[in-house]
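Notes follow once the structure below has been shown.
The values are calculated or read from the model by the stated rules, or taken from the named source; none is laboratory data. Just so we're clear, the structure is a prediction, and the values are computed from it rather than from any experiment. Because the Cβ atoms are built from the backbone with ideal geometry, glycine has one as well, and the counts that use them run over all protein chains shown. Ligands, DNA and RNA are stripped out before the accessible areas are found, and what is left, the full protein with its side chains, is counted by its heavy atoms. Shrake-Rupley method; radii C 1.70, N 1.55, O 1.52, S 1.80 Å.
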There are 2 protein chains.
Amino acid sequence: MPVYAIGVDLGGTHLRVGAVRSDGTIEIKEKLPAEAKKGEVLSPVADAVKRIADQISKKGGTIAGVGLGFPGIVDPEQGIVYQSPHFPDWNRLDLHSFFKREFRWPIVIDNDANMAARGEGRHGAARGLKNFILLTLGTGVGGGIVANGEVFHGDGGFAGEVGHLVIEGDGASCPCGGKGCLEMYVSATGILRLVEESEDRRGREQLLGRVGLTADQSYRLTVASLYEAAREGDLFAHLIFKKMGSFLGIGLVSLINILGIETVILGGGVSQAWDFFIEPAKKEFSQRTYKETARRLKILRAELGDDAGLIGASGLLFQKSQKDR
Amino acid sequence: MPVYAIGVDLGGTHLRVGAVRSDGTIEIKEKLPAEAKKGEVLSPVADAVKRIADQISKKGGTIAGVGLGFPGIVDPEQGIVYQSPHFPDWNRLDLHSFFKREFRWPIVIDNDANMAARGEGRHGAARGLKNFILLTLGTGVGGGIVANGEVFHGDGGFAGEVGHLVIEGDGASCPCGGKGCLEMYVSATGILRLVEESEDRRGREQLLGRVGLTADQSYRLTVASLYEAAREGDLFAHLIFKKMGSFLGIGLVSLINILGIETVILGGGVSQAWDFFIEPAKKEFSQRTYKETARRLKILRAELGDDAGLIGASGLLFQKSQKDR
């Protein structure tokens, strides 16, 4: 009888739920829009898990448990989320108790980027690595730090908030209360801010024209269309990604000087634009660090795409149920 | 027969060597000036260790081994120092082989701030803490990260280079090649740079006059005399420490957002000026982080002063020799 874990990855815009085998293969998957309200998001998560569990049961499969990845600062031991950028009314929300009432299966809970890091570590770009850092460049910037083979949580799950690393002490204001946070320069939100605040107004207008938007519609620009424009040779789009890459390089300087970890995995939607930002990022890093530090840095692309989170969440569940046995 | 470890702490200006009991008490101690040349500094270290070992033997004591803390990026497994800010000609210098030729005792080698972190963890301000960060604010800024009860080294000993965390992407040039490194704002060197570059020329002249220096002699100013001036009520000195505190707060934002560790221990000579920089540092931190993150932060003063390094180095030796038994 095949055994599955159900993996859940809740992002700011989408909820992904899947039935995953212990080798990381996904059997059934659902992708739903996520509603940014407390009551409205947890129940749909529970419903989707039950739906998928039903399908697995009908096929004769067994459910080992549920692994849940949530955005925000999550205490994995208590199963509490302290705060979340996407769900502002989450404040010490007790996820563990909620889901314990919904299911009879064992559950594990962690931050979404930590789950994605586990996915890449078990089945993706970081296979076999004892130490690595996953950065997810999406709407925001997430981080998962794997040290000595385990996700490092710090005290109470507060580690890995890499998006709020300060790269410009006097820089752009961030919703977290900070200024000059990395997220304001290298996430999708940050990149569109760079476009918006660019002094090259002519370049911006040409770009908008190229993607079929008027100056008034600039709020409708996406990183995906900026990427397409760069591929078509738009110089303004190229410069924006170059700038973003330099900022990423500065962030990596702090990150690597603190953690001393050689391998950085880049995931998230923005990493699609890899070809346009990676060299500027490496160059900035090399200029700002000791030669030996620069020589050792390896930046790799994540391999599991949008599935990393639910694969990692399932993997953690399997790991835990093996230990408990 | 009492058992001792010999602890060595090599700094940029001084070499400290001591015979330490397993409870952290120091029996004999020597402090010598450190010469910033390769050949000239390792031999004096070996000589000082032998001198102290002789004294211990004459008293009937036993030497369990030697713990050595060195400034720079040290690979503790191989006993190699990659580079050191104070000893620029150190480049993949094999400390382990050198000292193995000098002594018959077991040896352990690590970065000086990591050794100091172990000292504070075993016998000082961080007793009983599973996770903490030690920052040494001296000529430069050193860092030791203790995670799950062990110093975290990253890959090959490159972790904890907290002085090179970037706080101003476009800031002051640092000898490491970087710009806006924390060290350029909160170390002794950094603080004197803030004095030098202050636009308040009148304030600076008054300060210099107060400590008995002419404008031409400003290069002779020390942080100790700046601290004395602040204690005497000098407003310019107060403002410099306030500025330094704010920069420290920015550095802590990045550090805590990445590591999620709640306790920061501040040591090093500059920490003497605690009363003048600590509130500005906490205020800056609180303004720039989530409320819960700010609520959790605890900043403590190191307790072992200049002895932290050699106490920690001895402690590591004892820990290792217990394991090997």
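Structure data summary
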{"item": "Per-peptide average of other Cβ atoms within 10 Å, ordering A:313-322, A:139-148 highest first", "result": "A:139-148, A:313-322"}
{"item": "Cα radius of gyration and Dmax for the protein assembly as shown (Å)", "result": "26.6, 88"}
{"item": "Region B:135-290 - Rg and Dmax from Cα coordinates, angstrom", "result": "16.0, 51"}
{"item": "For chain B: rounded, prolate or oblate by the Cα gyration tensor [a/c cutoff 1.5]", "result": "prolate"}
{"item": "Drop in accessible area of at least 50 Å² in the complex versus isolated chain, residues of region B:73-106, 1.4 Å probe", "result": "B:GLN83"}
{"item": "Helix-only CD estimate at 222 nm, as mean residue ellipticity for the protein assembly as shown, using -39500 (n - 2.57) per DSSP H run (n ≥ 4)", "result": "-13000 deg cm²/dmol"}
{"item": "Rounded to the nearest 10 Å², the accessible area of B:ILE28 at probe 1.4 Å", "result": "20 Å²"}
{"item": "Long-range Cα-Cα pairs in region B:1-92 (distance over 22 Å), rounded percent", "result": "30 percent"}
{"item": "Environment charge of A:GLY171, counting only residues whose C-beta is closer than 15 Å and scoring Lys/Arg +1, Asp/Glu -1", "result": "-3"}
{"item": "Alpha carbon centroid spacing (whole Å) that separates region B:93-163 from region A:219-248", "result": "43 Å"}
{"item": "For region A:235-325, alpha-carbon Rg relative to the globular expectation (2.2 N^0.38 Å, N residues)", "result": "1.35"}
{"item": "Average beta carbon contacts from partner chains per residue of B:259-266, 10 Å cutoff", "result": "4"}
{"item": "A versus B: buried accessible surface, summed, Å² (probe 1.4 Å, to nearest 100)", "result": "4000 Å²"}
{"item": "Kyte-Doolittle mean at least -1.0, axial Cα span of 30 Å or more - DSSP H helices of chain B", "result": "B:38-58, B:235-259"}
{"item": "Distances in nm from A:PHE103 to the matching label points in the other copies, shortest first (labels 7 Å along Cα to Cβ)", "result": "5.4"}
{"item": "Most mobile listed residue (A:SER271, A:SER218, A:SER22) in chain A, GNM with C-alpha springs under 10 Å", "result": "A:SER218"}
{"item": "GluC sites (Glu not before Pro) restricted to DSSP loop in region B:1-88 with at most 14 other C-beta within 10 Å", "result": "B:GLU35, B:GLU77"}
{"item": "Rounded if a/c under 1.5, otherwise prolate or oblate - region B:166-207, Cα gyration tensor axes", "result": "prolate"}
{"item": "Pair-distance profile P(r), taking every C-alpha pair of region A:52-148, with 5 angstrom steps and integer %", "result": "3, 12, 19, 19, 18, 16, 11, 3, 0"}
{"item": "Out-of-range pairs (alpha-carbon distance over 31 Å; input A:LYS242/B:LYS298; A:LYS243/A:LYS320; A:LYS179/B:LYS298; B:LYS130/B:LYS283)", "result": "A:LYS242/B:LYS298; A:LYS243/A:LYS320"}
{"item": "Shielding by partners, peptide A:122-132 (average Cβ within 10 angstrom, other chains)", "result": "1"}
{"item": "Global form of region B:207-257, assessed from the alpha-carbon gyration tensor, a/c cut-off 1.5", "result": "prolate"}
{"item": "Peptide-level mean, for A:168-177, of C-beta atoms on other protein chains within 10 Å", "result": "5"}
{"item": "Exam field: A:GLU279 pseudo-label spacings to other copies (7 Å along Cα-Cβ), nanometres", "result": "5.3"}
